[in-house]
Amino acid sequence: MATILLTGGTGMIGTYLQQYLTGKGYDVIVLIRDKTRLQQKPINPKITYAGWNIDDGFIDKNAIAKADYIINLAGAGVADKRWTNKRKKEIVESRTKSCELIAQALKEMTNQVKVVISASAIGWYGNDGDNNKTGFTEDAPAANDFLGVTCNQWENSIKPVEKLYKRLCIFRLGIVFSKSGGALEEFKKPMKRGFAAILGNGKQVISWIHIDDLCRMFLFALEHENMKGVYNAVSPKPVTNKSLTIQLAKQLRNKFFIPVHVPSFILKIMLGEMSIEVLKSATVNCDKIKKAGFTFLYPSVEAALENLNKK
């Protein structure tokens, strides 16, 4: 079976994707920086580890030589820490430097890589305007805010692989719903105390995707030669913050919860500049990936939450 080289494989999405890909018969090489972990042997025999370091410009030549495909998820977590100037620099460079290193390695090292699939984010898009009735499409310009500029630099840094005659797919990821960490777990935290925390006025639109659909989308792009360029990785049915919160609370708490609005100014105090993204409404369109032939297992938030909240 073919071999997939995976970056960002130790994060929430990458960890899940490892198991999904090996379950489909692929061998997976996970690029990691941790030297201690490099010496460990994965439990799954179809997974191996190889080293890389974007600060040193190092990547394992043997891993590049063995790879038939690359899936690039590398990047510091956007919501993990407050956005200081230092953290912003880390968010940008962890993405651009990793893409640049991959492109340089494919240019200089012997390889048989056919396809590069690289993550981006719907942070590319700005806030919904009055005319955004059908949602942002892939040809919309990047926003001028921090995430818009970051995503623009991120995508541009991987595009040189196209000049090496590699097929390139870039996925702008929506908010990924998973059982293991991520945004959904943050929504759940107040509910453990019986509160459904609605952020701001709750009217802001969240464009999301179930992690199973995201992994299926990566594999779909890998296996379909007609797939290239940029695609929005979001479900067909975006949801407001209030609707999501209430739906999640009903599933977790039945009728035993209290809806509470968290005022915008409190979020700004708690999160700083990051609060702009929490309060932003971004309706994103997924027609392009659907027209390519992809079908969603979880098109609605009700179906997604029901699946993810199973015991």
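If you go through region 113-129 one residue at a time, how many are under 15 Å from the mean Cα position of the chain (by Cα) and either free of Cβ contacts under 8 Å to residues at least 60 places away in the same chain or in a helix (DSSP H, G or I) (or both)? Can you show your working first?
To start, the set of residues in region 113-129 that are under 15 Å from the mean Cα position of the chain (by Cα) comprises 117-125.
Filter once more, so that each one left must be either free of Cβ contacts under 8 Å to residues at least 60 places away in the same chain or in a helix (DSSP H, G or I) (or both): 118, 121-124.
Total meeting the criteria: 5.
Against the condition buried (at least 19 other Cβ atoms within 10 Å of the Cβ) and of a type in the set (A, V, I, L, M), how does Val260 come out, does it pass? No, not satisfied. Does at least one position in region 243-254 carry a residue that is over 19 Å from the mean Cα position of the chain (by Cα), surrounded by 13 or more Cβ atoms within 10 Å (Cβ to Cβ), assigned to a strand (DSSP E or B) and not hydrophobic (A, V, I, L, M, F, W, C)? Within region 243-254, none of the residues are over 19 Å from the mean Cα position of the chain (by Cα), surrounded by 13 or more Cβ atoms within 10 Å (Cβ to Cβ), assigned to a strand (DSSP E or B) and not hydrophobic (A, V, I, L, M, F, W, C). If the condition is being surrounded by fewer than 18 Cβ atoms within 10 Å (Cβ to Cβ) and out of contact with any helix residue (DSSP H, G or I) (no Cβ under 9 Å at 6 or more places or on another chain), then region 267-294 contributes Met270, Gly272, Asp287, Lys288, Lys290, Lys291.
Whenever a residue of region 2-30 is closer than 12 Å to Ala63 by Cα and without any contact (Cβ under 8 Å) to a residue 40 or more places away in the chain, its partners that are of a type in the set (Ser, Thr, Tyr) and in a strand (DSSP E or B), lying with C-beta atoms within less than 7 angstrom and at least six residues away or across chains, give the pairs Asp27/Thr3; Ile29/Thr3; Ile29/Thr48; Val30/Tyr49.
Condition check for Gly194 on (1) at pLDDT 95 or above; (2) touching a strand residue (DSSP E or B) at 6+ places or on another chain (Cβ under 8 Å): one failure, at (1). Among the residues of region 95-112, those that are more than 22 Å from the chain's Cα centre (by Cα) and either in a helix (DSSP H, G or I) or hydrophobic (A, V, I, L, M, F, W, C) (or both) comprise Gln104, Ala105, Leu106, Lys107, Glu108, Met109. Looking only at residues of region 224-242 that are in contact with a Pro (Cβ under 8 Å, 6 or more places away or on another chain) and under 30 Å from Glu162 (Cα atoms), we find that the one that is surrounded by the most Cβ atoms within 10 Å (Cβ to Cβ) is Ser235.
For first residues located in region 174-198 and among the acidic types (Asp, Glu), partners that are in a loop (DSSP other than H, G, I, E, B) and lie 6+ apart or on another chain with Cβ distances below 9 Å form the pairs Glu185/Ser178; Glu185/Lys179; Glu186/Ala79. Residue pairs whose Cβ atoms lie under 7 Å apart, sitting 6 or more positions apart in sequence or on different chains, and linking a residue in region 262-279 that is without any contact (Cβ under 8 Å) to a residue 12 or more places away in the chain and under 21 Å from Trp208 (Cα atoms) to a partner that is surrounded by 17 or more Cβ atoms within 10 Å (Cβ to Cβ) and not basic (Lys, Arg), are Ser275/Leu267.
When you check Ser98 against the structure, is it polar (S, T, N, Q), closer than 18 Å to Lys228 by Cα, in contact (Cβ under 8 Å) with a residue 12 or more places away in the chain and buried (at least 20 other Cβ atoms within 10 Å of the Cβ), yes or no? Before you say what the answer is, go through the steps one by one.
Values: polar (S, T, N, Q): yes; closer than 18 Å to Lys228 by Cα: no; in contact (Cβ under 8 Å) with a residue 12 or more places away in the chain: yes; buried (at least 20 other Cβ atoms within 10 Å of the Cβ): yes.
So Ser98 does not fit the description; no.
The values are calculated or read from the model by the stated rules, or taken from the named source; none is laboratory data. Just so you know, these numbers come straight off a predicted model, no measurement behind them. FYI the Cβ positions are ideal-geometry reconstructions off the backbone, even for glycines, and counts take in every protein chain you see.
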